Each structure stands twice: as structure tokens, then as C-alpha cells.
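> Can you read through this structure? Questions will come right after.
The values are calculated or read from the model by the stated rules, or taken from the named source; none is laboratory data. Note that the structure is predicted; figures quoted are calculated from it, not measured. Every residue, glycine as well, gets a Cβ built from its backbone with ideal geometry; the counts of neighbours run over all protein chains shown. The area values use the complete protein model at the heavy-atom level, side chains included, leaving out ligands, DNA and RNA. Shrake-Rupley method; radii C 1.70, N 1.55, O 1.52, S 1.80 Å.
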Amino acid sequence: MKLKSFFPRPTKSSTTEYINPPRKKSSLIRGTPSDALHKQIKGAGSFSEFWEQHKKQIVHQPLSEYLCELLDERGLKRSEVVVRTGLDKAYVYQIFAGKKNPSRDKLITIALGMEFSEEETQRMLQLSGHRELWPKDERDALLLFAIQRGMSLEEVHTELERYGLDPLATPIK
């Protein structure tokens, strides 16, 4: 039976308990945190004043470059991403080459397959032009829960189905 809502959790004796594994913070997220920059923008007398002090912290990075950096950081190959996500090989290679602009669901599938942290996932979604995962959205809340706990794609698909939520994009085969 599918539940209509992410909350409350089903009362099944076989419900899997997920631990919260330690996540390595990406070395790609550095400099002044966004919240601090936001406050400094508010307090700046002019944009040029802010720009001169902080222009080196403003990120201009293509999605494909970010994904490749995370791939290298994890010591993975694109072929491993294909296996971990179930997505079509040519499609994955085109994403990493910057030739395809994938859907939000495909990117979340890649994030889960590559075991991105929450910060890395949100950054990837920002760079792609898609909206970030939002905890007030049922499906996004479940996806955030899964990412924070290092759940596998299979476990995420099971949980989405259990709560009657839309599945992630089906693999391109």
C-alpha cells in the first residue's frame, strides 16, 4: 500500500534504519560562506565596493567542470558513474563533456550514484539552473534524507514508491 505523505513513516517491522555516515566536505566549496557574502552585500555601500572586495569568491563554473572535479576528487571514472546510476553511457559522457543539460532528476540520480554530500548536490543543482532540494517539498525532503544518510539509489527508489512519490528519472537504456 502506498502512503500519500512522506510523514509519518510506515510502521513496518522490516523498515530499514539508516545511519548517518560521516561525509567528507568538498574541497570545491571554499572561501566565504554564501550566508556571510549575503550579509556583506546587504552592508555594502555600493556594488563596486562589494565587488572589489569579493570578486575572487564569486564562482563562474560550468556544471560539467564541477562534475569532473568531483569525479577526480573521488577517484572515479565516467564508466563507474554509468554503472552506479544505470544511465546510458553516451548520455553520461555527454553530461560530463558539457554537451547535455540533464534534467533535475538525472542530476539527483548522479548525485546519489556518486555519493555527493548535501552541499555538493545543492551546488550541482545551482550550477545546472535547476532549483535546489527544498525540505518543505515532500519528495525533496525524502531525497535530502537519503543524501544525508548515504542511501543507495535502490533504497531511494523503494522509499519513493513506499510514500507514493514520483520516482527519479528512469534510466536511459
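> Looking at (1) among the basic types (Lys, Arg); (2) loosely packed, with under 14 Cβ neighbours inside 10 Å; (3) touching a helix residue (DSSP H, G or I) at 6+ places or on another chain (Cβ under 8 Å); (4) modelled with pLDDT of 80 or more, can you tell me which one residue 39 breaks?
(3)
> Is there a residue in region 102-121 that is touching an Asp or Glu at 6+ places or on another chain (Cβ under 8 Å) and either β-branched (Val, Ile, Thr) or over 18 Å from residue 160 (Cβ atoms) (or both)?
No, region 102-121 contains no residue that is touching an Asp or Glu at 6+ places or on another chain (Cβ under 8 Å) and either β-branched (Val, Ile, Thr) or over 18 Å from residue 160 (Cβ atoms) (or both).
> What about residue 69, is it touching a Leu at 6+ places or on another chain (Cβ under 7 Å) and in a loop (DSSP other than H, G, I, E, B)?
For residue 69, the condition - touching a Leu at 6+ places or on another chain (Cβ under 7 Å) and in a loop (DSSP other than H, G, I, E, B) - is not met.
> Would you check which residues across region 131-164 are open to solvent by less than 10 Å² (accessible area, probe 1.4 Å) and over 13 Å from residue 108 (Cα atoms) and list them?
159, 160, 163
> Within the bounds of region 14-32, is there any residue that is modelled with pLDDT of 65 or more and open to solvent by 100 Å² or more (accessible area, probe 1.4 Å)?
No, every residue in region 14-32 fails to be modelled with pLDDT of 65 or more and open to solvent by 100 Å² or more (accessible area, probe 1.4 Å).
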